[in-house]
Amino acid sequence: MADDPAWERLDRRAFLAGGVYTALPTAGAALITGYWLAVGSTVGTALAWVLPAFVVITAAGAASGEWMWRVTSYRVDADRFHVHTGTIWRKRLALRRERIRSVDLTADPVLRVLGAVTVRVGTGEKAGAEGTVTLWPVRRASAEALRATLLAHAARPDADGGADPADGSLARFDRGWIRFAPLSFLTPALGAAAGGGTLQVAEWFGMQQRVFDVVGSWFGLAPVLLVALVLGVALLLVGGVATLALWVETWWNHTLDRQADGTLQVRRGLLTTRSITLEESRLRGLEVVEPLAARLAGGARVDAVATGLTTDDEDKTESRTLLPTAPKELADQVAAKVLREPAPPTSAPLTAHPEAARGRRLRWALGTVLVTEAIVLALGALLTPVLLHVAWISALVLFPVAVVLANDAYRALGHTFTGAYPAGYLVARSGTVRRATVALQRRGIVGWTVRQSWFQRRAGLVTVVATTAAGTGAYAVRDAAEADGLALADAAVPGLLRPFLIGADAEPEVTPLS
């Protein structure tokens, strides 16, 4: 690389992108405003008011894009990535290349037409502390070249230019995955939002009672609960359609590839495309996540457990997702390919936890329902007898559901570890509404936290938490037998926990999987 590389600029058509971004929403507002003005006067008067405002706002957006092009420049030298921007407050940023963890490319419909992208360079630090550098817009060819240059340090040290059999495609989009899209917590959330918005609009026009009367008339003099049931089903359908549309926009044409430069690359999106890059050297394991509804349909997704992932709240979960919800068998296969293992650690047989762990989950579940019902009964006694009927009806449903979920959560518990240190993985599973199986590299564990409440001590249980610099930072083996949990922690990373154990000279009885 040259000692003094030339400074690069953004796409010269930044002014055009800025103008389009402001023109599209402004056009909608202008049409509505112009219509109302024309109703009260003439079309000529409406145009005289609307057109100048539309032109000025669009021109301001174009000027903003032109300004970005003029004041922003960047270059890459042997050690650093330099970005200069601003005029009155001039910002000069220099990131050491070895600190760069990700280079993601995003293109919405406007940028796709222009052949440009938004480049986000991440260091894995917290937002507001040089965590992410954004360049908008950059020609796609220039952006791809910039990504390859910035991530050149991620190349495998043993790469000699030859093809690795493990490189290439790890997963490709299958339209059959769409069936899992509505099986998300977003479905009732979006349905409730749609229902709330509809009722609010109806209230503005004094038609809220009319809506209930119309639905009630479909069943004659139907009781309120039946009307509520019908509306609930309708809102779930609306929420399902909305969730499906959101999923298609986010995950359409998904691909997962391993590149020869030592990176994993995820591409996805229908209208707005995204290309996310993860250095394989930063991977510390994987998490196979099975949300309850998707699990009942046989689905699971694969999340990366890696250092240096963005800590911004925006798109935080999707940035670490390597495979969207797909058949569980495929998720395990992809996990094995990503980890370069012959068999997926996430499907390894697990050591079951004691019956006392079941009792803890039953008590928590039933206690939660009891507290909820007590609150409803108290409100019913103070406010309206209707809530008293709601309490006993909901109790008939919630108590059996709580027992089922508690037993399901107990059956999910399990742990083991594979291979001989420093190779192999700690594998732990827990959860029911969100069942997660994590396979964490044993060499990636930097510490242990042992938790034991008074109730756990009485039951002979313990929770051991593996601390790591990747993913969420901590992964727990919950409510294991005290001896098993401590032996697991001691054997998973030899010598790390042993100085703190009583009778440390005794060898642990945990046997790794072959």
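The values are calculated or read from the model by the stated rules, or taken from the named source; none is laboratory data. These numbers were taken from a predicted model, which means no experiment stands behind them. Here the Cβ positions follow ideal geometry from the backbone for every residue, glycine too, while neighbour counts run over all protein chains shown.
For residue 325, state whether it is over 20 Å from residue 440 (Cα atoms), at pLDDT 95 or above and within 16 Å of the chain's Cα centre (by Cα).
Criteria met by residue 325.
Assess whether residue 384 counts as being of a type in the set (Ser, Thr, Tyr), modelled with pLDDT under 95 and surrounded by fewer than 15 Cβ atoms within 10 Å (Cβ to Cβ).
Here the answer is yes, as residue 384 does meet what is asked.
Can you tell me which condition residue 99 does not meet? The list is (1) over 22 Å from residue 307 (Cα atoms); (2) modelled with pLDDT under 90; (3) not aliphatic (A, V, I, L, M), and all the others hold.
Against the list (1) over 22 Å from residue 307 (Cα atoms); (2) modelled with pLDDT under 90; (3) not aliphatic (A, V, I, L, M), residue 99 comes up short only on (1).
Which one of 55, 113 is exposed (fewer than 15 other Cβ atoms within 10 Å of the Cβ), farther than 30 Å from residue 251 by Cβ and not hydroxyl-bearing (Ser, Thr, Tyr)?
Result: 55 is the single residue among 55, 113 that is exposed (fewer than 15 other Cβ atoms within 10 Å of the Cβ), farther than 30 Å from residue 251 by Cβ and not hydroxyl-bearing (Ser, Thr, Tyr).
Among residues belonging to segment 251-278 that are in a strand (DSSP E or B) and of a type in the set (S, T, N, Q), point out the one that is surrounded by the fewest Cβ atoms within 10 Å (Cβ to Cβ).
Of everything passing the filter in segment 251-278, 255 is surrounded by the fewest Cβ atoms within 10 Å (Cβ to Cβ).
Out of segment 180-207, which residues are surrounded by fewer than 15 Cβ atoms within 10 Å (Cβ to Cβ), part of a helix (DSSP H, G or I) and either of a type in the set (S, T, N, Q) or at pLDDT 75 or above (or both)?
189, 196, 197, 200
Answer yes or no as to whether residue 427 is modelled with pLDDT under 95, surrounded by 16 or more Cβ atoms within 10 Å (Cβ to Cβ) and β-branched (Val, Ile, Thr).
So residue 427 does not fit the description; no.
Looking only at segment 439-489, how many residues end up being acidic (Asp, Glu) and in contact with a strand residue (DSSP E or B) (Cβ under 6 Å, 6 or more places away or on another chain)?
Taking segment 439-489 first, the residues acidic (Asp, Glu) are 479, 482, 484.
Among the residues that remain, those that are also in contact with a strand residue (DSSP E or B) (Cβ under 6 Å, 6 or more places away or on another chain) are: 479, 482.
Count: 2.
Can you tell me which of 4, 77 is touching a residue at least 40 places away in the same chain (Cβ under 8 Å) and within 25 Å of residue 308 (Cα to Cα)?
Exactly one of 4, 77 is touching a residue at least 40 places away in the same chain (Cβ under 8 Å) and within 25 Å of residue 308 (Cα to Cα), namely 77.
From the residues in segment 445-474 that are free of Cβ contacts under 8 Å to residues at least 60 places away in the same chain and buried (at least 22 other Cβ atoms within 10 Å of the Cβ), which one is farthest from residue 426 (Cα to Cα)?
For segment 445-474, the residue satisfying everything is 462.
Condition test on residue 340, is it among the charged types (D, E, K, R) and in contact (Cβ under 8 Å) with a residue 24 or more places away in the chain?
yes
If you take just the strands (runs of 3 or more DSSP E) that sit entirely in segment 60-137, which of them hold at least 3 residues that are under 22 Å from residue 271 (Cα atoms)? Before you say what the answer is, go through the steps one by one.
Numbers: elements: 73-76, 80-85, 91-96, 102-107, 116-122.
By residue number, 102-107, 116-122.
Quick check on segment 481-514: of everything there that is of a type in the set (Gly, Ala, Ser) and touching a helix residue (DSSP H, G or I) at 6+ places or on another chain (Cβ under 7 Å), which residue is modelled with the lowest pLDDT?
504
State whether the residues of segment 150-160 include one that is surrounded by fewer than 18 Cβ atoms within 10 Å (Cβ to Cβ), at pLDDT below 90, among the acidic types (Asp, Glu) and outside any helix (DSSP H, G or I).
Among the residues of segment 150-160, at least one is surrounded by fewer than 18 Cβ atoms within 10 Å (Cβ to Cβ), at pLDDT below 90, among the acidic types (Asp, Glu) and outside any helix (DSSP H, G or I), which makes the answer yes.
Can you tell me which of 434, 442, 478 is surrounded by fewer than 22 Cβ atoms within 10 Å (Cβ to Cβ), closer than 25 Å to residue 304 by Cα and touching a helix residue (DSSP H, G or I) at 6+ places or on another chain (Cβ under 8 Å)?
Result: 434 is the single residue among 434, 442, 478 that is surrounded by fewer than 22 Cβ atoms within 10 Å (Cβ to Cβ), closer than 25 Å to residue 304 by Cα and touching a helix residue (DSSP H, G or I) at 6+ places or on another chain (Cβ under 8 Å).
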